[in-house]
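For reference, the structure is listed below as structure tokens.
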Amino acid sequence: MNEKYSGLIFAIASPFFSSIATILKSGATKLLHPLIVSSIGGLLGSVILLAFILLSKEKIDLDKIKSNLKNLTLMTILRPLVGVTVFAYGLSMTEGIKAIFFTKAEPYFVLLWHWLLLREKIHSKHLILLTFHIMGAVILSTGGVLKLGGAQIGDLLVILAMGFFSLSYFFGSKLSNQLGPRIPNAVTMGTAGLILLPFVFVLTPITKLGTETIGWTYLVSYVILFNVIGLTLWFASLKTVKGWIVSALRSLGPIFGAPFAWLLFGETLSIIQIIGGLMILITSALIARVHLAKQKSK
């Protein structure tokens with residue numbers, strides 16, 4: 001198969017697995033505990049990635065790891081330590097079917113960080129799209145009834161996690177160029193998992209570590225689908241497909257994840273929430289289109 005077409009297939013398949021993984025993670029956080037999912041999930045994902053690295057005989061350059069220690073530290077704090085934990089707590093309070101739509105807020109946080117850190121100008125068309133995107137998020141979260149508490153706080157936490165994830169891109173791109181895609185992922189996930197592990201034993205009911213069989217099944221399934229399959233396909237797609245195309249195609253995630261959430265957990269959206277979700281998807285697609293126009297004009 002032509003590499004260009006295989007890369008496109010990988011880019012489409014990646015959000016399929018990632019969105020289903022988010023639904024499973026949501027189930028795991030409710031049956032286990034957000035800290036258990038963040039810590040054990042990170043450690044398990046790290047072990048699996050390290051196994052792939054060893055099996056593929058990929059060279060682990062300790063000197064390079066040491067020279068990139070600052071970026072590895074910042075990446076660890078932003079993504080697997082803070083971002084993943086905030087995301088897990090948000091998922092434990094809201095429905096996975098809504099969360100997969102809220103993850104589409106990430107491109108707007110990228111715009112925000114570029115404005116704050118790189119002093120890039122935000123165009124009026126971006127602000128208009130952002131306004132409609134926020135309106136869609138409010139409609140999806142509230143269903144037309146504003147009551148700040150429970151699920152809606154969970155929605156806010158999911159969106160907040162996207163802010164941390166988007167900021168980590170600045171350091172993730174540097175690490176990927178220096179160390180490759182898998183080593184930084186394994187190191188940061190494993191480090192964050194170890195840091196969170198003591199809190200698991202102190203703050204979570206010890207009985208949940210051995211009794212919630214279904215929760216552990218969801219957790220292991222999530223790690224395999226996201227860390228092993230979803231991320232591998234994502235990295236593979238970036239070899240031949242432009243990054244903005246891969247990012248735009250990730251908007252397909254809710255299309256795959258919503259039916260799965262209904263089949264597994266019976267989660268559904270009201271008509272007004274569906275309208276809000278469509279507003280999120282459309283504005284996400286349009287921001288990708290604006291980005292394309294910007295790239296072509298250069």
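Only the coordinates and a few stated rules stand behind these numbers; no lab work does. All figures in this text were calculated on a predicted structure; none of them were measured in a lab. In this analysis, Cβ positions are derived from the backbone assuming ideal geometry, glycine residues included, and neighbour counts consider all displayed protein chains.
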Practice task
Kindly provide the helix-only [θ] at 222 nm of the chain, computed as the sum of -39,500 (n - 2.57) over DSSP H runs of four or more divided by all residues, to the nearest 500 deg cm²/dmol?
Solution key: -25500 deg cm²/dmol
Exercise for the section: Mind giving me the nanometre distance, one decimal, between the label points for Thr240 and Ala285, set 7 Å out from Cα along Cα→Cβ? Expected result: 2.5
Problem - Net dipole in debye of region 3-297 [+1 Lys, Arg Cβ; -1 Asp, Glu Cβ; about Cα centre; nearest 20] - result: 820
Completion exercise
Using alpha carbon positions and the Kirkwood radius, the Rg to Rh ratio of the chain is 0.95
Completion exercise
Packing-ranked peptide list from 130-137, 51-58, highest mean Cβ count within 10 angstrom first, is 130-137, 51-58
Exercise for the section: Quote to one decimal, in nm, the extra length available between Lys125 and Leu69 on full extension: 0.36 nm per residue of separation minus the C-alpha distance between them. Expected result: 16.3 nm
Exercise for the section: May I ask you to evaluate 6.51 cos²θ - 1.76 cosθ + 1.60, the Karplus curve with θ = phi - 60°, for each residue of region 66-72 and list the ³J(HN,Hα) values in order in whole Hz, giving x for glycine and proline? Expected result: 5, 5, 10, 4, 4, 5, 5
Practice task
Rounded, prolate or oblate: pick one for region 1-84, where a ≥ b ≥ c are the square roots of the eigenvalues of its C-alpha gyration tensor, a/c under 1.5 means rounded, and failing that, prolate if a/b is larger than b/c, else oblate.
Solution key: oblate
Fill in the blank from the handout: Once both label points are put 7 Å beyond Cα along the C-beta direction, the Phe132-Phe265 separation in nm becomes 2.9
